Amino acid sequence: MSATLPFEPVVDALGRRGERDIGVMTIPIGAIVGTVDRRPDTFDRSFRPRSPALRQRWERIAAARRRGEPMPPIDVFRVGDIYFVRDGHHRVSVARAMGDTAIEARVREVSTALGATPDLRVGELSLKRHERLFFERVPLAPELHERIALFDEWRFARLGDLVEAWGFRASHARGRLLSREETAAEWFREDYEPVVADVHDAGLGGGGTDAEQYLRVAMLRYLVLYTQEPTDALIERLLGENRPTDVDQDTMVHQIRKELG
């Protein structure tokens, strides 16, 4: 069973923007997946105690619950759709063990650049950090964020480089420096969407998300064709030109073509 999420690394990865007190409310226990001050190895992700040293206090709280004694609200931070316990770890643990699905809590909300859902794992924080940095470099409208789904860090970094290079050329073509917001919007409309449409029409692209398919094409068209300009026959040219004769040739072009299929 995985450990609870650590608060500060999660907020750092997602990008802290602000904080506010939103009072006492009932929150879902299943969304409490993190801790603020405790070591993450004291309770697992389901808030089962991992140490025998925690047992005595746990049993006192459980006995009080069975006697019907009222429990004070726990204290939590909310980040996106998940909660981090500041005070009340044992109360959460006992409540879960007794089958409760909700608990009273004093909630302080921390707003972040990226949201979080209860399935977030520690191993995903590095990817989340790179995703956040990408959207700082390429500030697309929030409703377009889900259209850029990538699953390793270097792809976010490389896509950011390609968009900034596109914006540099677009600025020269227009005779003025485009803002990051203008670059993001125009790149998405003028380059990303047409390339994705061409990939879909051709039935190629190597699978995966639209963003993964776009990135393969965008990298390969520059490496092979030395251009970033889309053409109607782009996919066919990329697959057909300069294909290596040695199937074991380990070049970036060959690796991208392998992904394209």
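Within the set D41, D21, the sole residue that is at pLDDT 90 or above and either of a type in the set (D, E, K, R) or on the phi > 0 side of the Ramachandran plot (or both) turns out to be D21. Here M71 meets the list (1) under 28 Å from the mean Cα position of the chain (by Cα); (2) surrounded by fewer than 17 Cβ atoms within 10 Å (Cβ to Cβ) almost entirely, failing just condition (1).
The values are calculated or read from the model by the stated rules, or taken from the named source; none is laboratory data. In this text the structure is predicted, and so the values were computed from the model without any measurement. Ideal geometry is used to build each Cβ from the backbone, glycine not excepted, and the neighbour counts take in all protein chains shown.
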